[in-house]
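The values are calculated or read from the model by the stated rules, or taken from the named source; none is laboratory data. Just so we're clear, the structure is a prediction, and the values are computed from it rather than from any experiment. Please note: Cβ atoms are built from the backbone with ideal geometry, for glycine as well, and neighbour counts cover all protein chains shown.
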Amino acid sequence: SDGYDLHICCMGAGYVGGPTMAVIAANCPKIRVCVVDLSKKIIDAWNSPDLPIYEPGLMEVVEKSRGKNLFFSTDIDAEIKKADIIFISVNTPTKTVGIGAGRAANVKNCELCARKIAEVSEGSKIVVEKSTVPVRTAEAVRRVLDCNEKGLKFQVLSNPEFLAEGTAIPDLMKPDRVLIGGVQSPEGLAAAEALVSVYANWVPREQILTTNLWSSELAKLVANAFLAQRVSSINSISALCEATGANVSEITRAVGMDNRIGKRFLNSSIGFGGSCFQKDILNLVYLCETYGLRECAEYWNQVIVMNDYQKKRFSEKMVSTLFNTVTGKKIAILGFAFKKDTGDVRETPSMFVVRDLVHEQAKVHVYDPQVKREDMWTEMDYTCKMSVANYPGLEEAVTTAPDAYAACDGAHALAVLTEWDEFKELDYERIYKSMAKPAFVFDGRNILDHDALRKIGFEVHAIGKPD
Ligand code: NAD
Ligand code: UGA
């Protein structure tokens, strides 16, 4: 006994595993928390002053506990052995090949974790699915665990994560709810209660919901589908606003003041991005199809169709506005991350605009305060199949600028694609002077003061607003 009340191990030190475990450790000094990963590079970064992800407030929370009751390690076997509770927080991306390619979620990493736990454990444990998975994955995890050769009994819980990137720390510190699904047997309920007690260190009990396993797994997909559906709904209206002279911000205000609808998550944009909305909706669509529910599948699939339309509509509008040609023109892209306050670029809508502009042979200059050039290339290669190796001239076509002013200098147009606060504070007089004329602004997030920009001399186009 090493003085701790409980030992937690988390497999997967990514956007979810790292912050979630840091917050557990900070709120539970008597629990030893260790986050493990296959990637040595990621673990080394978690142990350094330069964390592998950018998230406001994360460093402070990590520093509070790191080396005391929070550890990051690549010694997966040893940490599994020590643990009473093991979280599986690995990536579950959309399958790229095989059955359900392009829609089904790949749960390979979850199964590998279960196999590893079954192989090395020396005592019984609670295994918690933190990753977002298709409903009934816990059944597969349980069956794999049951095949252990030592006759150990594992309990499997589902505990999906609802944090959003950019606000992960406040979301984890004050969650709207914590959801814990378990088997409705005495052992299952006891396991769920053990996990409830961990969260109860800082989350009021009435906000900790316990359900059966399948409700918990499915509720996560449904929450993301509902959120994304709101964005697609308002984006569909933005197109109608542009056609009719209505103003989407006024619509959002008028509609959102109805308490039954609510005002949050109704900002029209160039489309939603991020690693989860599209993946989880496709997962839901695939599940509906698997159970023969064609109408349900088609209903949710429209959320994706509308999102693709919105992204495409934006880049097409840029080209048509710029006199139907951007060939050889410098275009400034402000923001590459999928939302503000993160460096994450997975499925970022900005990438699709950059891709379309590159196809049109524009000279694209990208500035983002947190995104590294190599991360941009990795994501463009993974999602758009566009890489420096297979697309001649790409390296020269896309410049990453050191700041917004350099990106805009001499540009024919600037497009705001991520809602970083700093883009509201730029010196637009200075930018206007440095740009080619007419100087165009495309506000893909509706964050700028359009009247002020027009007074300076810009021609402004925004989502869902009269031109
Ligand atoms: P991520 O890619 O950032 O991190 C996953 C980590 O797991 C990687 O570092 C990878 O090396 C590691 N890993 C993979 N297989 C492993 C194995 N067998 N053993 C040990 N480590 C392994 O992913 P993420 O964004 O943290 O998402 C994780 C899960 O949480 C996904 O299912 C996702 O849908 C869900 N989720 C994500 C968010 C979010 O905001 N990113 C929010 C809620 C839920
Ligand atoms: C989302 C959910 O909000 C989380 O609850 C969930 O845990 C997470 O997915 C997940 O499962 O991964 P996240 O993708 O990090 O979180 O960020 P969001 O704030 O939801 O934004 C997603 C995308 O929608 C961004 O591109 C954002 O710009 C866009 N968005 C959001 C809009 O275009 N308009 C809005 O009104 C809100």
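Looking across the stretch 412-444, the residues that are outside any strand (DSSP E or B) and closer than 12 Å to THR321 by Cα come down to HIS412, PRO438, ALA439. Looking only at the stretch 173-196, count every residue that is over 23 Å from the mean Cα position of the chain (by Cα), surrounded by 14 or more Cβ atoms within 10 Å (Cβ to Cβ) and under 20 Å from VAL23 (Cα atoms) and tell me the total. Here the count works out to 4.
The set of residues from the stretch 146-172 being surrounded by fewer than 23 Cβ atoms within 10 Å (Cβ to Cβ) and more than 14 Å from ligand 2 (Cβ to nearest atom) comprises ASP146, CYS147, ASN148, GLU149, LYS150, GLY151, LEU152, LYS153, PHE154. Tell me whether the stretch 143-151 contains one or more residues that are among the polar types (S, T, N, Q) and in a helix (DSSP H, G or I). Checked against the condition, which is being among the polar types (S, T, N, Q) and in a helix (DSSP H, G or I), the stretch 143-151 yields no hits at all. Considering the stretch 338-359, and only residues there that are part of a helix (DSSP H, G or I) and either without any contact (Cβ under 8 Å) to a residue 12 or more places away in the chain or of a type in the set (Ser, Thr, Tyr) (or both), the residue that is surrounded by the fewest Cβ atoms within 10 Å (Cβ to Cβ) turns out to be HIS359.
What tally of residues in the stretch 117-138 results from selecting those that are away from ligand 2 (no atom under 15 Å from the Cβ) and within 21 Å of VAL196 (Cβ to Cβ)? Qualifying residue count, the stretch 117-138: 6.
Pairs are defined by a Cβ separation below 8 Å, a sequence spacing of at least 6 or placement on different chains, a first member in the stretch 150-161 that is closer than 21 Å to GLN207 by Cα, and a second member that is among the aromatic types (Phe, Trp, Tyr); the pairs so defined are ASN159/PHE87. Of the residues contained in the stretch 287-295, none is found to be among the basic types (Lys, Arg), more than 11 Å from ligand 2 (Cβ to nearest atom) and assigned to a loop (DSSP other than H, G, I, E, B).
If you go through the stretch 164-181 and keep only what is in contact with a Ser or Thr (Cβ under 7 Å, 6 or more places away or on another chain) and either under 16 Å from ASN224 (Cα atoms) or not in a loop (DSSP other than H, G, I, E, B) (or both), you end up with GLU165, LEU172, LEU179, ILE180, GLY181.
None of ASP403, ASP421, ASP427 is in contact with a strand residue (DSSP E or B) (Cβ under 7 Å, 6 or more places away or on another chain), over 19 Å from VAL248 (Cα atoms) and among the charged types (D, E, K, R) except ASP403. Residues of the stretch 140-182 being over 18 Å from GLY123 (Cβ atoms), of a type in the set (D, E, K, R) and in contact with a Phe, Trp or Tyr (Cβ under 8 Å, 6 or more places away or on another chain), which ones? Selection gives GLU165, ASP171, ASP176, ARG177. In the stretch 267-317, of all residues being over 23 Å from LEU218 (Cβ atoms) and in contact with a Phe, Trp or Tyr (Cβ under 6 Å, 6 or more places away or on another chain), the one that is surrounded by the most Cβ atoms within 10 Å (Cβ to Cβ) corresponds to ILE270. Being surrounded by 22 or more Cβ atoms within 10 Å (Cβ to Cβ) and out of contact with any Leu (no Cβ under 9 Å at 6 or more places or on another chain) holds for only one residue in ILE463, ILE447, and it is ILE463. Considering only residues of the stretch 200-221 that are in contact (Cβ under 8 Å) with a residue 60 or more places away in the chain and crowded, with 17+ Cβ neighbours inside 10 Å, which is farthest from ligand 2 (Cβ to nearest atom)? Filtering first and then ranking leaves LEU213.
Let's see how each residue does on (1) in contact with an Asp or Glu (Cβ under 9 Å, 6 or more places away or on another chain); (2) farther than 26 Å from LYS279 by Cβ:
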{"site": "VAL183", "(1), (2)": "no, yes"}
{"site": "LEU189", "(1), (2)": "no, yes"}
{"site": "SER215", "(1), (2)": "no, no"}
{"site": "LEU221", "(1), (2)": "yes, no"}
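Whenever a residue of the stretch 407-424 is at positive phi, its partners that are assigned to a helix (DSSP H, G or I), lying with C-beta atoms within less than 9 angstrom and at least six residues away or across chains, give the pairs GLY410/SER434. Just one residue in the set SER236, SER249, SER232, SER269 is more than 16 Å from ligand 1 (Cβ to nearest atom), in a loop (DSSP other than H, G, I, E, B) and modelled with pLDDT of 95 or more; that residue is SER269. For ALA439, indicate whether it is away from ligand 2 (no atom under 16 Å from the Cβ), touching a residue at least 12 places away in the same chain (Cβ under 8 Å), under 18 Å from VAL366 (Cβ atoms) and out of contact with any Pro (no Cβ under 9 Å at 6 or more places or on another chain). No: the conditions fail for ALA439. Residues in the stretch 101-118 that are part of a helix (DSSP H, G or I) and within 20 Å of PHE277 (Cα to Cα) were compared, and the one that is nearest to ligand 1 (Cβ to nearest atom) is ASN109.
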